[in-house]
Amino acid sequence: MNEQEVIQQFLSDLNAALPADVGARTDGGDENSKPPYVIVRWRSSRLQDENGANPFADFIRDSDGTATGREFHQYNEFVADCVVRSYEESERDSLLGAIDDAFLPYEYDSDLFHADTAEWRVGGAEPRSNPVVEPDWYEGGKVIRFKYLKRVTRDADSLGTAQQNIDAE
C-alpha cells in the first residue's frame, strides 16, 4: 500500500462508520466547517529498522521462472489523529465510539483492512480543548496507529545489469 491508498481506505472505512450527515476528511482544504464532522490529521513515518535494513525483498519472476525484476519493501507507521467536532457533547462522544467500533476489529485481524497492514492500536477517546470561542462546539479525539508495507517493483530493464554498471564508470 502507498500513502494515498492508506488514507483513502482509512477515510472510506471511517465515513462508512459515521452517520450520513457527518463527514470525515483530512486536515486542510476549504470544505464546510459546520460541525458535526471528523478531521483526520495523519502522518506516515518510515520504520528504518523494521524487518532488516535491506529493502530488497525478492525477485519478480515470469511463468518460466526467469527473473524479470525486483521487489523492494518499505515499512511505515501510519498515525491518524481523528478529531471530532460537534455542537452536542453527547454526539461528540457517540462519534468517538463509532470510530472505535470501526477500527477496533483490525487489532484482532488486520487483513480486514488490508493484507499489508499489521499491529493496529486504537487509542482511547479524549476530550480536547477548543481555543475558538464562537462558534461553541465540543471537540474530542482518538489516535489510531498501525504499520503498513509499501511495495515498490522495478523491472530488470530499469535496474540494469552488473556489466552495464561497470561499463558506466
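The values are calculated or read from the model by the stated rules, or taken from the named source; none is laboratory data. As the structure is a prediction and not an experimental result, all values here were calculated from the model. Note that each Cβ is placed from the backbone with ideal geometry, even for glycine, and that neighbours are counted across all protein chains shown. Accessible surface areas use protein heavy atoms only, side chains included; no ligands, DNA or RNA. Shrake-Rupley method; radii C 1.70, N 1.55, O 1.52, S 1.80 Å.
Could you please let me know if Y75 is closer than 23 Å to T26 by Cβ, modelled with pLDDT of 95 or more, outside any loop (DSSP other than H, G, I, E, B) and open to solvent by less than 60 Å² (accessible area, probe 1.4 Å)?
Details: closer than 23 Å to T26 by Cβ: yes; modelled with pLDDT of 95 or more: no; outside any loop (DSSP other than H, G, I, E, B): yes; open to solvent by less than 60 Å² (accessible area, probe 1.4 Å): yes.
Spelling it out, it is not the case that Y75 is closer than 23 Å to T26 by Cβ, modelled with pLDDT of 95 or more, outside any loop (DSSP other than H, G, I, E, B) and open to solvent by less than 60 Å² (accessible area, probe 1.4 Å).
Take the stretch 63-72 and flag every residue that is open to solvent by 40 Å² or more (accessible area, probe 1.4 Å), of a type outside the set (S, T, N, Q) and farther than 23 Å from D116 by Cα.
D64, A67
In the stretch 150-169, which residue that is at pLDDT 65 or above and surrounded by 10 or more Cβ atoms within 10 Å (Cβ to Cβ) is nearest to S110 (Cα to Cα)? Explain how you work it out, then say what you get.
If we filter the stretch 150-169 for residues that are at pLDDT 65 or above, which is where we start, we get 150-157.
Cutting the leftovers down to surrounded by 10 or more Cβ atoms within 10 Å (Cβ to Cβ) gives us 150-156.
Values: K150: 15, R151: 17, V152: 21, T153: 23, R154: 27, D155: 30, A156: 33 Å.
Going through the qualifying residues, I end up with K150.
Can you run down the residue pairs with Cβ atoms below 8 Å, 6 or more apart or on separate chains, where the first is in the stretch 97-114 and within 12 Å of V38 (Cβ to Cβ) and the partner is of a type in the set (K, R)?
Pairs that qualify, where the first residue is within 12 Å of V38 (Cβ to Cβ) and the partner is of a type in the set (K, R), are I99/K142.
Provide a single number: the residues in the stretch 116-149 that are among the basic types (K, R), open to solvent by 50 Å² or more (accessible area, probe 1.4 Å) and modelled with pLDDT of 90 or more.
Step one: of the stretch 116-149, the residues among the basic types (K, R) are 121, 128, 142, 145, 147.
Among the residues that remain, those that are also open to solvent by 50 Å² or more (accessible area, probe 1.4 Å) are: 121, 128, 145.
The next check asks that each one be modelled with pLDDT of 90 or more; those that pass are 121, 145.
Final tally of qualifying residues: 2.
Quick check on the stretch 20-40: of everything there that is open to solvent by less than 60 Å² (accessible area, probe 1.4 Å) and not in a strand (DSSP E or B), which residue is modelled with the lowest pLDDT? Break it down stepwise before answering.
Keep residues of the stretch 20-40 that are open to solvent by less than 60 Å² (accessible area, probe 1.4 Å), which gives 22-26, 28, 35-40.
Narrowing the set further to residues that are not in a strand (DSSP E or B) leaves 22, 28, 35-36.
On the way: V22: 94, G28: 79, P35: 90, P36: 92.
Among those that are open to solvent by less than 60 Å² (accessible area, probe 1.4 Å) and not in a strand (DSSP E or B), it is G28.
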